[in-house]
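Here is the structure we will look at.
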Protein chains: 2
Amino acid sequence: MVQRRSGHVTLLDIARACGCSVSTVSIVLSEAPLSKNVAAATRERVREMARHLGYHPDAYARSLRRRRSQTIAVLAYDLSDPFCIPLVQGIQSGLKPASYLPLLMDAQTKRKLFDNYLRMILERRAEAVIVIASWIFEETNLLADIEKNKVPIVIIGRDLTEKKINSMLIDNQAGGAMAFTHLATMGHRRIAIIRGPEELLDSAPRWKGVQQAAAQAGVVIDERLVLQLPSLTDSAFGFEGGLRAARKLLAGKQSFTAVLAFDDMTALGVIRALSEAGRRVPEDCSVIGFDDVLPARVATPGITTVHQPLHEMGLQAATWVMEEIKVRQAGTQGRVRLEYAQPELLVRASTTRAAEDGKRQSQA
Amino acid sequence: MVQRRSGHVTLLDIARACGCSVSTVSIVLSEAPLSKNVAAATRERVREMARHLGYHPDAYARSLRRRRSQTIAVLAYDLSDPFCIPLVQGIQSGLKPASYLPLLMDAQTKRKLFDNYLRMILERRAEAVIVIASWIFEETNLLADIEKNKVPIVIIGRDLTEKKINSMLIDNQAGGAMAFTHLATMGHRRIAIIRGPEELLDSAPRWKGVQQAAAQAGVVIDERLVLQLPSLTDSAFGFEGGLRAARKLLAGKQSFTAVLAFDDMTALGVIRALSEAGRRVPEDCSVIGFDDVLPARVATPGITTVHQPLHEMGLQAATWVMEEIKVRQAGTQGRVRLEYAQPELLVRASTTRAAEDGKRQSQA
DNA sequence: TTCCTATATTCAAACGTTTGAATTGGTTGC
DNA sequence: GCAACCAATTCAAACGTTTGAATATAGGAA
């Protein structure tokens, strides 16, 4: 076992052991075009020796020389949000065939961490960046530092096309409408609505969709049944928010037969509150969520929700950046892309037809 | 904006712009010991220019030269298992102060992906590896390739001390005992038990703990109420497994007032099945889980479970590897470590006292 | 023989850093 | 006035690859 001072086997070690030059070894092992000129015997000898010595090419040296890191940074705002995982895995699936290494980073909803990672992305010469966004970061540095370095970016969950950044979003308006329409179709008229926090860009369009669907269904939304989540800086994920909002709702005078929650975690909080108050879901009150995250799938009753095609979106984002890397290598400048993914209603067990016409009321 | 052919600003660019040598620039910007000798004026000029040009050191060149990657690989068997996330975040927290970059990799329960990432870890010259294990991988390559390269390893969830790998485990036996004792204390006598899949190393000790606690409590375990999960190669996470197991249980003749599930996801599946059969939790049947993952916390009723201090374990693992890196740099060889983390019973709402003495029985 | 082509291999420079050793001037000590 | 020192800076080699150009060897055609 030959070992050099660095502790790793290098091309030089192999070259010496084979009695040939470093170049030859490199050509053979990296399967360069020239390698078809290398004598079959030599080729085999080199390969054998590399295997025998346990050689692994040094990614740093290689990237330095090739000026390609074969790396794509994936910056998620918080991995502990179950929302992120399918996206990340989708991205991973998309990247694998091209053998890019996803450099997965978790900002843990901390602005400072986020900036730190941004710096690292630059230093590690990531060839592209995919950002899974939330309200945590103003886009300032992102634009200033990364785009300046001509690295393709895709941002998921935010429209930054006017800053020339490829953006991928869910059609929140359509989703919000779907959710409301579902409840209305089930006969609900007194529907409580928990809106998302103001800072979150999903909140407004989703609310707009809800209003639009209400108008279309001829249902009037009782202002007193509309609440807004506070800005969830902590890791409460909306569960806590939903819990508190629903408690407030239950304490109020207004009756309701259904709750349209901002997202699944909120919905789960709502269900907890309803349960505390002795109201069962969906018999006494229907609850609908948004996102279709794991906890909503495995809860009982399963949460009716608006599914986001997260895996597909991740895959798409990966495809985009890889295409753009190619395009930029060719010297041309691609168009800025914008896509609204279409959500889908997923009826599970947390919603049902309204009891009678509205007789079953709020009190515990 | 000076740009070189590589598209990135280098030390040379700054040197030229400042009219000094690359060395000086390097010394200033990397705050080498020598930098105290550099004239204050020069220092300022260089810094200013670096900022102005948007310089970011090339991590590849730097690592190559310094022979340190400042990188620690974190290889998780599957990020979509909510179990992994707190571990990962704990590791992250531990690594941050030392400014190591966690190279987060998600094997997605695929053996091939796992091997691929292992290779990349070697090529990227990670200074240490933390593996969040499951039954997916035989430890073969892990030992053969990584340890051979003298890279410190910590494995979480498996005892590989005999192969000289630092191991961190949960005390499954104690945990299993806790869970059973809790149910017994609540007056349950007819307790169904869903054991973990055979390949999972947690399964055996957990079961042993259960048996031991049963003996101690003077409760006999009815063999006919003991089921085992199949090997969950797919992403079903035990939810599906728990669902099916509980259905089988319910279809059987044996009555039971409580179910001790292998883990939280299993417990959630069990609850779904019970609900299908019209049995309520915890009134008609208590259910206890294991792990304390997010879905168990936000479900209603909240799942009583055996909490694993995952965040702390991750933190600890990070500390270990960083210490070992230091130790090995000093030339000495550290001892192989083994630690059993202590679980903790977390009583929530899915368990309650047995109704009467066992009158409430199985039928739907 | 000489020139040509093809095959097999090597040279040497480059990628962007870091760093031990060397080089400048300019003081100071004696 | 010369050695000796200091501060400020630079040289040059090295990290481990890759790769365009160069070289060497051989077989064949002229």
Chain B, Gaussian network, Cα under 10 Å: of B:351, B:319, B:332, the residue fluctuating most is B:332
With +1 at each Lys and Arg Cβ and -1 at each Asp and Glu Cβ, the charge dipole magnitude of the stretch A:11-57 around its Cα centre, to the nearest 20 debye, comes out at 60
Distances in nm between the label point of residue B:150 (7 Å along Cα→Cβ) and its equivalents in the other copies, shortest first, are 4.1
Losing no less than 30 Å² of accessible area (probe 1.4 Å) relative to the isolated chain, the residues of the stretch B:56-73 are B:56, B:57, B:58, B:59, B:60, B:64, B:67
Among B:48, B:324, B:223, the residue with the largest mean-square fluctuation in a Gaussian network model of chain B built from Cα contacts under 10 Å is B:48
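Among A:96/A:326; B:150/B:326; A:164/A:208; A:148/B:96; B:96/B:326; A:96/B:110, which pairs are too far apart, with a Cα-Cα distance over 22 Å? Let's see the in-between values first.
Details: A:96/A:326 16 Å; B:150/B:326 13 Å; A:164/A:208 26 Å; A:148/B:96 27 Å; B:96/B:326 16 Å; A:96/B:110 13 Å.
Pairs exceeding 22 Å: A:164/A:208; A:148/B:96.
Over the stretch A:11-57, what percent of the accessible surface lies on carbon and sulfur atoms, probe 1.4 Å?
Working: 1490 of 2630 Å².
Here carbon and sulfur together make up 57 percent of the probe-accessible area.
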Of B:71, B:24, B:304, the most mobile residue in a GNM of chain B (C-alpha springs, cutoff 10 Å) is B:24
Sorted shortest first, the nm distances from the residue A:198 label point (7 Å along Cα→Cβ) to its counterparts in the other copies are 6.1
Projected onto the charge dipole of the protein assembly as shown (unit charges on the beta-carbon of Lys, Arg, Asp and Glu, signs +1, +1, -1, -1), the Cα from B:56, A:157, B:205 with the largest positive-side position is that of B:56
If each part is reduced to its alpha-carbon centroid, the stretch A:259-303 and the stretch B:290-336 end up apart, in Å, by 31
Probe 1.4 Å, all chains present, heavy atoms only: residue A:276 accessible area in Å², nearest 10, is 110
Contact-by-burial set, the stretch A:278-313, min loss 50 Å², accessible area of protein heavy atoms with 1.4 Å probe, reference chain alone, gives A:294, A:298, A:300
From the Cα centre of the stretch A:154-205 to that of the stretch B:47-62, the distance in Å is 41
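What are the equivalent ellipsoid semi-axes of the stretch A:48-204, built from the alpha-carbon gyration tensor (square roots of five times its eigenvalues), in whole angstrom, biggest first?
Values for the stretch A:48-204, descending: 39, 19, 13 Å.
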Distance in nm between residue B:159 and residue A:67 label points, each 7 Å along Cα→Cβ, equals 5.5
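Classify the stretch A:11-57 as rounded, prolate or oblate from the Cα gyration tensor: take a ≥ b ≥ c as the square roots of its eigenvalues, call it rounded if a/c is under 1.5, otherwise prolate when a/b beats b/c and oblate if not. Display every interim value, and only then the final one.
On the way: a/c = 1.56, a/b = 1.44, b/c = 1.09.
Taking the square roots of the gyration eigenvalues as a ≥ b ≥ c, the stretch A:11-57 is prolate.
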Note: A:262-271 gets an average of partner chain Cβ contacts (10 Å, Cβ to Cβ) equal to 2
For residue A:222, inter-copy label-point distances (7 Å, Cα→Cβ), nm, shortest first, read 4.8
Taking the convex hull of the alpha-carbon atoms of chain B and averaging its shadow over every direction gives an area in square nanometres of 22.5
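Let's see if you can work this out: charge +1 on each Lys and Arg Cβ, -1 on each Asp and Glu Cβ, no other charges. What is the dipole magnitude of the protein assembly as shown about its Cα centre, in debye to the nearest 20?
Working: 94 positive and 78 negative charges, 413 e Å.
Charge dipole, the protein assembly as shown, about its Cα centre: 1980 debye, nearest 20.
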In deg cm²/dmol, rounded to the nearest 500, the helical mean residue ellipticity at 222 nm of chain A, built from -39500 (n - 2.57) for every DSSP H run of length 4 or more, is -12000 deg cm²/dmol
Using a 1.4 Å probe on heavy atoms of the protein chains only, the accessible area for residue B:248 in Å², nearest 10, reads 140
Counting only DSSP beta bridges with both partners in the protein assembly as shown, the antiparallel fraction in percent, to the nearest 5, comes to 10
Taking the chain alone as reference and the full protein assembly as comparison, with a 1.4 Å probe on protein heavy atoms only, the residues of the stretch B:114-128 that lose at least 20 Å² of accessible area are B:117, B:120, B:122, B:123, B:124, B:125
SASA check, residue B:265, accessible area w/ 1.4 Å probe, all protein chains in place, rounded to nearest 10 Å², comes out at 10
Checked the protein assembly as shown against the a/c 1.5 cut and the a/b vs b/c comparison, axes a ≥ b ≥ c from its Cα gyration tensor; verdict oblate
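Under a 1.4 Å probe, what is the accessible area of the protein assembly as shown per residue, stated in Å²? Let's see the in-between values first.
Values: 31470 Å² over 728 residues.
Value returned for the protein assembly as shown: 43 Å² of accessible area per residue.
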For the pair A and B, the solvent-accessible area buried on both sides (1.4 Å probe; DNA, RNA and ligands excluded), in Å² to the nearest hundred, is 5600
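Please state the shape class of the stretch A:167-227: rounded when a/c is under 1.5, otherwise prolate if a/b exceeds b/c and oblate if not, all from the C-alpha gyration tensor. Display every interim value, and only then the final one.
Values: a/c = 2.52, a/b = 1.47, b/c = 1.72.
Because a/c hits 1.5 or more and a/b fails to exceed b/c, the stretch A:167-227 counts as oblate.
The values are calculated or read from the model by the stated rules, or taken from the named source; none is laboratory data. The structure displayed is predicted, hence computed values, not measured ones. When we count neighbours, we look across all protein chains shown, and the Cβ atoms used for this are built from the backbone with ideal geometry, even at glycine. Ligands, DNA and RNA are excluded from the accessible area calculation, which covers all protein heavy atoms including side chains. Shrake-Rupley method; radii C 1.70, N 1.55, O 1.52, S 1.80 Å.
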